[in-house]
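Before any comments, here is the structure.
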Amino acid sequence: MAVVSRSGYDAITRDGRLIETLSAYGLIFVYSVRSRHFPPFDLGRELHVIEMRNAEAYVSSLLAAVHQRYPLTRVISISEQDFILAAHAREALGLPGLSVAEATRYRDKVDMKSHLQPDIRHPAFLVTSLWDEVDAFLRAHGRIIVKPRRGAGSQDCHVITGADELEKCRQQIGNQLVNYFAEVYIDMPVYHLDALVRGGALRFATLGIYSHPPLQFAQSDWLTTISTNAPSRLYNHATSLLMKVLSSYGTHDGVFHLEFFASGDTVYFGEIAIRPAGGGIPETIYQAWGVHLFEEHVRIQLGLPPESSTVVTSGSDAKWAATMLYLPAKGGVLRRLRLEQVRSHPCVRSVSPHVSEGQRIAGARYSADCLFTVNIVADDRTQLESAIDDVKAMPVAMIE
């Protein structure tokens, strides 16, 4: 079996070891050169480290060659930036799993919105290769965002409110506008639902809210998301929206990360991914509820049933949890990283550093630029917010 992954190896580990679902297989690993952690060299049969951008044909040919040595029965993906590669390889080898068309629906944001049921509200958008049409769209709506059709992690997104910003965007994108689209900017809080669906039934879900929109990294050194499965009106709105989206696509199984905008009873669909969230959220969910979304993601791709313990819906074992990403506004050399005090806090369940002392770092542009993540679990929101404030007050990094 082949594992194609842009994420680090730690995504498919549980408590420091390879997840049990994969432990019985002879594995072929195909990892991105940009992955943070790689599998141990003696764990699988082969490890290939490649450039994954625009690599659909290459990955298919690579795995076709591997298939001659070790007949493959499955090709599974782990994260957002690798599952179309895996889908192409599956189709080339005639293996079961998500097709290229199905994968594209969860990756290409225009295709994603174009296949929604008509009654699912979403921001108006424009697909064009002409900058004059983008200018007219901006004039009609006042504030827009131009973003990649297959973007990830808010990378290369441009919020535009006037002619100067539009010109700057045009200079950066140039003749690649065909790979982008324009969308009306929705000025509402951004929420996310992280869920497991099996056989068309919701097995698990948590509702989360970002401390500030992921695009606005400069607002704080910390990007925090609070998650809970406590019952609420918005929780019910979000789960209903998820099931309507899946009905639009004809999807019955998957781990999903749904982002949406909400204010009162007004809800706008943002986007959806058929994989666990990024930014440390799956680890927080595992620490709080014991649900390992990456293991469930793999089990679905292998045609296996969910783990028997994975049934946690609204109101069942209600908890509050937070994922905190430290995203420094300025770059430089990381002289000191103090995490001992953070780890000792009674509500902190885990701390995951992504850099080392002495390393040169850049100012944060995207969530992937975080220095470390902190996972917090609490019995109620008051206790959780107090713990978040405690961590923010701790001296954690010295950058010169």
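Key figures
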read-out: Residues of the range 269-309 satisfying the condition of being open to solvent by less than 10 Å² (accessible area, probe 1.4 Å), within 18 Å of LEU325 (Cβ to Cβ) and not hydrophobic (A, V, I, L, M, F, W, C); value: PRO276, THR284
read-out: Set VAL66, VAL49: member being at pLDDT 95 or above, surrounded by fewer than 14 Cβ atoms within 10 Å (Cβ to Cβ) and at negative phi; value: VAL49
read-out: Qualifying residue in the range 309-321 (condition: of a type in the set (Lys, Arg) and farther than 30 Å from ASP108 by Cβ); value: yes
read-out: Unmet criterion (only one of (1) at pLDDT below 95; (2) closer than 17 Å to ILE274 by Cβ) for ILE78; value: (1)
read-out: Selected residue (criterion: most open to solvent (accessible area, probe 1.4 Å)) from residues of the range 93-137 that are in contact with a helix residue (DSSP H, G or I) (Cβ under 8 Å, 6 or more places away or on another chain) and among the hydroxyl-bearing types (Ser, Thr, Tyr); value: SER129
read-out: Check on ARG343, modelled with pLDDT of 90 or more, over 24 Å from the mean Cα position of the chain (by Cα) and either open to solvent by 50 Å² or more (accessible area, probe 1.4 Å) or among the charged types (D, E, K, R) (or both); value: yes
read-out: Per-region count, the range 162-180, residues open to solvent by less than 40 Å² (accessible area, probe 1.4 Å) and out of contact with any Phe, Trp or Tyr (no Cβ under 7 Å at 6 or more places or on another chain); value: 5
read-out: Matching helices (runs of 4 or more DSSP H) fully within the range 32-122 where at least 2 residues are over 24 Å from LEU293 (Cα atoms) and not polar (S, T, N, Q); value: 56-69, 83-93, 109-114
read-out: Selection count where residues are out of contact with any Asp or Glu (no Cβ under 7 Å at 6 or more places or on another chain), surrounded by 13 or more Cβ atoms within 10 Å (Cβ to Cβ) and over 23 Å from ASP194 (Cβ atoms), scope the range 323-337; value: 1
read-out: Among (1) under 24 Å from ILE274 (Cα atoms); (2) touching a residue at least 24 places away in the same chain (Cβ under 8 Å); (3) open to solvent by less than 70 Å² (accessible area, probe 1.4 Å); (4) assigned to a loop (DSSP other than H, G, I, E, B) - the single one GLU183 does not satisfy; value: (4)
read-out: Residue count, the range 242-294 (criterion: of a type in the set (D, E, K, R), under 18 Å from the mean Cα position of the chain (by Cα) and assigned to a loop (DSSP other than H, G, I, E, B)); value: 2
read-out: Tally of residues being at pLDDT 95 or above, in a loop (DSSP other than H, G, I, E, B) and either out of contact with any Lys or Arg (no Cβ under 7 Å at 6 or more places or on another chain) or buried (at least 18 other Cβ atoms within 10 Å of the Cβ) (or both) across the range 143-161; value: 1
read-out: Sole exception among (1) modelled with pLDDT under 95; (2) open to solvent by 40 Å² or more (accessible area, probe 1.4 Å); (3) of a type in the set (Ser, Thr, Tyr) for TYR210, by number; value: (2)
read-out: Answer residue from the range 1-31, given it is under 18 Å from ARG275 (Cβ atoms) and in a loop (DSSP other than H, G, I, E, B) and is most open to solvent (accessible area, probe 1.4 Å) among those; value: ARG6
read-out: Sole exception among (1) hydrophobic (A, V, I, L, M, F, W, C); (2) open to solvent by less than 40 Å² (accessible area, probe 1.4 Å); (3) in contact with a strand residue (DSSP E or B) (Cβ under 6 Å, 6 or more places away or on another chain) for PHE38, by number; value: (2)
read-out: Counted residues, the range 347-377 - those being without any contact (Cβ under 8 Å) to a residue 24 or more places away in the chain and either assigned to a loop (DSSP other than H, G, I, E, B) or surrounded by 18 or more Cβ atoms within 10 Å (Cβ to Cβ) (or both); value: 3
read-out: Answer from LEU215, LEU223 - the residue that is at pLDDT below 95, closer than 19 Å to GLY278 by Cβ and not in a strand (DSSP E or B); value: LEU215
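The values are calculated or read from the model by the stated rules, or taken from the named source; none is laboratory data. Remember, predicted model here, so these are calculated numbers, not experimental data. Every residue, glycine among them, receives a Cβ derived from its backbone with ideal geometry; neighbour counts consider all protein chains shown. Each accessible area value is taken on the protein alone, full model and side chains, heavy atoms only, with ligands, DNA and RNA left out. Shrake-Rupley method; radii C 1.70, N 1.55, O 1.52, S 1.80 Å.
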